[in-house]
Amino acid sequence: MIVSIPDGTELLVRHIRPDDKALLVDGLARLSPQSVYRRFLAPKQRFSNGELRYLTELDGNDHVALVALPPDDPDHLVAVARLVRLAGDRQAAEVAIVVGDDFQGRGLGRLMALRLADEARERDIRRFEATILGENEPARRLMGTMAQRLDSGAPAGAAVELSAELPAAA
């Protein structure tokens, strides 16, 4: 589906596919060290083959991921939003969103968060968990956005559970 972010830029948002492995490799290489650290909570230079399979070969129900790409440049990944249902609680999922540096602060993270919350609602997921850095205010705002979206469509309401991990002292 083609969507527009607030500045008018159009992007294609779709479910991730098994043939997107090269997109993830290239996308990781283009992230700044700070963006990588905020997403993975550690430096990460590359994905293993097993990680690439896990990240792209999904069941579409318990593990869902959306990607955003410019329609005229489908080999340029600009964002990924993912949910993985928790085995011990079928109404909860761990979530993660990463937005490429060139698109940060432009509303794409919010758009991806809302789309992911819609995907969760369709699968009867009512709670989100995430491990984020305590200093990562954009991620905290996205979690609130997702919770509001779930709450707007769920009679029982929604809860957001955050596990904030603080960076080690220098």
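Heavy-atom surface analysis with a 1.4 Å probe gives the range 35-126 a carbon and sulfur content of 44 percent of its accessible area. Karplus-based coupling profile of the range 11-27, in residue order and whole Hz: 9, 8, 10, 8, 5, 5, 10, x, 7, 8, 4, 5, 4, 5, 4, 5, x, with θ = phi - 60° in 6.51 cos²θ - 1.76 cosθ + 1.60 and x standing for Gly or Pro. Positive end of the dipole of the chain, charges at C-beta (+1 Lys, Arg; -1 Asp, Glu), about the Cα centre: which of LEU116, PHE103, GLY27 has its Cα farthest in that direction? Result: LEU116. Each helix, a run of at least 4 DSSP H residues, gives -39500 (n - 2.57); summed and divided by the residues of the chain, these come to -10500 deg cm²/dmol at 222 nm. Taking every protein chain into account, the 1.4 Å probe leaves SER48 with about 60 Å² of accessible area, to the nearest ten.
Need one word for the range 80-131: rounded, prolate or oblate. Basis is the Cα gyration tensor (sqrt eigenvalues a ≥ b ≥ c); a/c below 1.5 gives rounded, then a/b vs b/c decides.
Prolate, since a/c reaches 1.5 and a/b exceeds b/c.
Hey, if we sort ASP75, ASP20, ASP62, ASP7 by accessible area with the 1.4 Å probe, largest down, what's the order?
ASP75, ASP7, ASP62, ASP20
Using a 1.4 angstrom probe with every protein chain in place, what is the largest-first accessible-area order of ILE97, ILE125?
Largest accessible area first, the list is ILE97, ILE125.
Note on THR145: accessible area approximately 20 square angstrom, rounded to 10, probe 1.4 Å, nucleic acids and ligands left out. Summing Cβ point charges (Lys, Arg +1; Asp, Glu -1) relative to the Cα centre of the chain gives a dipole of roughly 280 debye. Can you work out D for the chain in µm² s⁻¹ from Stokes-Einstein, where Rh is the Kirkwood radius over C-alpha pairs, the temperature is 25 °C and the viscosity is 0.890 mPa s? Value of D from the Cα-based Kirkwood radius: 150 µm²/s.
Converting phi to 3J(HN,Hα) with the Karplus coefficients 6.51, -1.76 and 1.60 and the offset θ = phi - 60°, the range 37-46 yields 5, 5, 7, 9, 6, 6, x, 8, 9, 7 Hz in sequence order, with x at every glycine or proline. Applying both filters, DSSP loop and at most 14 other Cβ atoms within 10 Å, to the trypsin sites (Lys or Arg not before Pro) of the range 1-68 gives LYS44, ARG46.
Solvent-accessible area of GLU10, all protein chains in place: 100 Å² (probe radius 1.4 Å, heavy atoms, ligands and nucleic acids excluded).
The values are calculated or read from the model by the stated rules, or taken from the named source; none is laboratory data. All values derive from a computational prediction rather than experimental measurement. Because the Cβ atoms are built from the backbone with ideal geometry, glycine has one as well, and the counts that use them run over all protein chains shown. Each accessible area value is taken on the protein alone, full model and side chains, heavy atoms only, with ligands, DNA and RNA left out. Shrake-Rupley method; radii C 1.70, N 1.55, O 1.52, S 1.80 Å.
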